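Data first, discussion second: the structure below is written as C-alpha cells.
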C-alpha cells in the first residue's frame, strides 16, 4: 500500500472519529466535568448542595450511603469523620463532597467517580422534570378545571394511556375528571429507573399535559 493511500485512510479515520466526538458514554477527545455530563445525558439531576430544597432526597441518599458503606473499612467518598460501623449523621459532609466531585472531569459515564456521584449526589429525572425541560405545560392538578373535563369527555380515545398511568375509577364505574387529575398528580414522580418509563412518559404527555385546545 502506497504512503499516499495510507495517509488518506488515516485522514478519513480521524475525520470519522472527530465527527462522533462522543461514543458509548465516552468522550473521545478529552474529559468533561461530571456535572456537564449529567446535564447532557439527562438521566439524573444533581441535588442542591447549598440549601434545603432537596432535603428528602438527601435523606434518602444518605441512607443509601450508610447502607452501602457501613461495613467497609474505607467509605466510597472518603467523607471526613466517617468511622466504620458508626451511625453519625454526615449529610453536610456528603453535600460538600458532592459539590466538589461534581466538578471532576472524566472521560465518560463508566468512570467510578461518575457512578458514585450519580448514586449519592443525584436523583433520577422524573416525568414532571422531563415535561418541563421540553417546555410542556403540565395541567394543574390542584383543581378540577376544564382541561380535566375534556379528558373525561375524550376517555374512549385515552383508555390505553389511562392504563399506562394507572388511572382507574375511584368509586367503580366510569373514570371521571377527578380520577384523571389524581392519577396525573400521582404519576408525575415516576422516574427513569422504571423499566417502562418511556411508556409512562408518552402517556403522560397525552393525558396530563396541555394541548392546543385546552
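Just so it is clear, none of the values below were taken in a lab; they were calculated from the coordinates. Keep in mind that what you see is a predicted model, and the values were worked out from it rather than measured. All Cβ positions, even for glycine, are placed from backbone atoms using ideal geometry, and neighbour counts span all protein chains on display.
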The chain: mean projected area of Cα convex hull, nm²:
19.2
In degrees, nearest 10, range 0 to 90: what is the angle between the Cα axis of helix 197-207 and the longest Cα principal axis of the chain?
40
What are the semi-axes of the equivalent ellipsoid for segment 99-214, taken as the square roots of 5 times the Cα gyration tensor eigenvalues, largest first, in whole Å?
35, 14, 12
Quick one: length gained pulling residue 134 to residue 163 fully straight, 0.36 nm per residue minus the C-alpha distance?
8.1 nm
Given a Förster distance of 22 angstrom, what is the FRET efficiency for residue 171 paired with residue 146, based on the Cβ-Cβ distance and rounded to 0.05?
0.50
Grab the beta carbon distance between residue 178 and residue 119, set R0 = 45 Å, and tell me the FRET efficiency rounded to 0.05.
0.70
Long-range share for segment 26-124, i.e. C-alpha pairs more than 21 Å apart as a percent of all pairs, stands at 32
May I ask you to list the residues of segment 90-112 whose amide nitrogen lies under 20 Å from a point 7 Å from Cα along the Cα→beta-carbon direction of residue 70?
90-95
Hey, rough spin-label estimate for residue 53 and residue 214, points 7 angstrom out along Cα→Cβ, what's it come to in nanometres?
2.4
Grab the Cα-Cα distance for residue 40 and residue 83, subtract it from 0.36 nm times how many residues apart they are, and report the gain in nm with one decimal.
11.9 nm
So how far, in whole Å, is the C-alpha centre of segment 157-178 from the one of segment 79-125?
41
Per-residue ellipticity at 222 nm attributable to helices in the chain (runs of n ≥ 4 DSSP H, -39500 (n - 2.57) apiece, nearest 500 deg cm²/dmol) works out to -14500 deg cm²/dmol
Any chance you could give the angle, 0 to 90 degrees and rounded to 10, that helix 3-20 forms with the longest Cα principal axis of the chain?
40
Return the single residue from 163, 104, 32 with maximal mean-square fluctuation; model: Gaussian network over the chain, springs between Cα atoms under 10 Å.
163
Rounded to two decimals, what ratio of Rg to Rh does segment 67-138 give with C-alpha atoms and a Kirkwood Rh?
1.09
